[in-house]
Amino acid sequence: MRLILPSILVGLAMNAVAAQRSGDRPLVVHEWGTITTHHAANGTPEGGLNRIGPSDALPSFVHRYEPAPTPSAERASLVKSPVTPGRPDVTMRLETPVMYFYPPPGSQPSPFDVSVRFRGGILNEFYPNADAASQVDPTGSWDGGTLSNRVVGSLRWRAVSVNASSTFQQTTSHVWLAPRRVRSAPVVTAAGEGEQYLFYRGVAHLDALMQTELAPSELRLRAPANLKWLAAPKTTIGAAWLLDVRPSGGSAIRELGAIVISKDSAGRELRRLPLFTPRDYSADAVAALRRSMRLALVARGLFDDEADAMLATWDASYFRSPGLRILYLVPQEWIDYHLPVTISIPAELTRVLVGRIDLARP
């Protein structure tokens, strides 16, 4: 008995320490998404990007937000739709950011709030429901007129619980179901809307992180002209890929490696890339690109199943839609400046965005 009791006491003490350490561990949050831009052959950013293809339309249960116009304001809708005429000031789509939550083992965090802001655009589609707003930075309301870098959209999910039981909405939408195939903890809001993730997307008047110019035999890449988001002397686009998908079948890829952007390089040339020749095209190029992108996404901090879910979600747009495009990893500095996230409890946040530039040929 004298030997057993101390062992029990030691075991209880160790369990208490383990529980305390588990309680001190932050909530783990992972997010992925895409920013999409279209460039004319001379590099001019194209507008009207809130007009989307039917396959990119979201299920009807997704919540939508439209800034209320003033009585004197006449404007087209900002909502993404296959039938909208498309607004000239929408030069970027923020597509399918999804946020996954992983509580510490044996822990149940208290309900918490999640807030996200979008400098240069509005967040106009989301699920579960959230408080949506838009304003002109630093203060003032916005009537839904021309988008600019001063417009800031925002969302706030209140009283989010993890590991709570809820019923997911039924849908056949591929872009909705693919992100569900992740082993994260389901989330539910106080209103009872639940999902495997928090979802949102939006539209903006912003430029890509690279300017382009398509010549007959080469593609020229330049640094963005606006580098307000870059506080450090320089940053790195960690990985980039050039992809061409032929309508008749076959694809060609080129890995571009890391690309450095510095404060003094605004508008300056970064690379000259020769265009593909007929022998560069093959049936297995896309598979090689998927492997390369998966490695890059996991290296940036996504879990394997999260990287797989992202690539599956964008399989058609990234890999099978005919056309010439650049795919690249968005630097953290851009994400922190244009899309800051706040979580009301301690959290370890990993965010990975892929930039996509669709290039129109002459």
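All of the numbers you see were taken from the coordinates with simple rules; none came from a lab. These numbers come from a predicted model, not from an experiment. Here the Cβ positions follow ideal geometry from the backbone for every residue, glycine too, while neighbour counts run over all protein chains shown.
Summary of computed values
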item	result
Nearest 10 degrees, 0 to 90: helix 304-313 Cα axis against the chain principal axis	40 degrees
Nearest 10 degrees, 0 to 90: helix 4-24 Cα axis against the chain principal axis	30 degrees
Spherically averaged projected area of the stretch 167-286 from its Cα convex hull (nm²)	12.2 nm²
Descending semi-axes in Å of the stretch 71-230, equivalent ellipsoid built from Cα gyration tensor	32, 21, 17
Net charge over other residues, Cβ less than 11 angstrom from the Cβ of Tyr127 (K, R count +1; D, E count -1)	-1
Point-to-point label distance, Asp137-Ala215, nm (Cα→Cβ direction, 7 Å offset)	3.6 nm
Radius 11 Å from Cβ of Ala225, net charge of other residues (Lys, Arg +1; Asp, Glu -1)	+2
10 Å binning of all Cα-Cα separations within the chain, expressed as whole percents from 0 upward	5, 22, 31, 24, 11, 4, 2, 1, 0
Modelled FRET efficiency - R0 22 Å, Asp24 with Arg183, Cβ distances, 0.05 increments	0.40
Three-way shape call for the stretch 195-353 based on the alpha-carbon gyration tensor, with the a/c threshold at 1.5	oblate
Cα-based Kirkwood hydrodynamic radius, the stretch 288-362, one decimal, Å	14.0 Å
Highest-MSF residue in the chain out of Glu333, Glu218, Glu31 [GNM, Cα springs under 10 Å]	Glu218
GNM top mover of Arg279, Arg180, Arg254 - the chain, alpha-carbon springs below 10 Å	Arg279
Cα-centre dipole for the chain with unit charges at Cβ (Lys and Arg positive, Asp and Glu negative), debye to 20	520 debye
Modelled FRET efficiency - R0 51 Å, Arg150 with Arg279, Cβ distances, 0.05 increments	0.55
Surrounding net charge for Leu243, when Lys and Arg each add one and Asp and Glu each subtract one, Cβ distance under 9 Å	+1
For the chain, with +1 on Lys and Arg beta carbons and -1 on Asp and Glu, the positive-most of Gln196, Tyr328, Thr91 along the dipole	Tyr328
The chain, helix-only ellipticity at 222 nm - DSSP H runs n ≥ 4, -39,500 (n - 2.57), divided by all residues, nearest 500	-5000 deg cm²/dmol
In degrees, nearest ten, helix 285-299 long axis to first principal axis of the chain (Cα)	40 degrees
Spacing of the two label points (7 Å from each Cα toward its C-beta) at Ala231 and Arg361, in nm	4.4 nm
Average Cα contact separation per residue, the chain, under 8 Å, 6 or more apart, as relative contact order %	23 percent
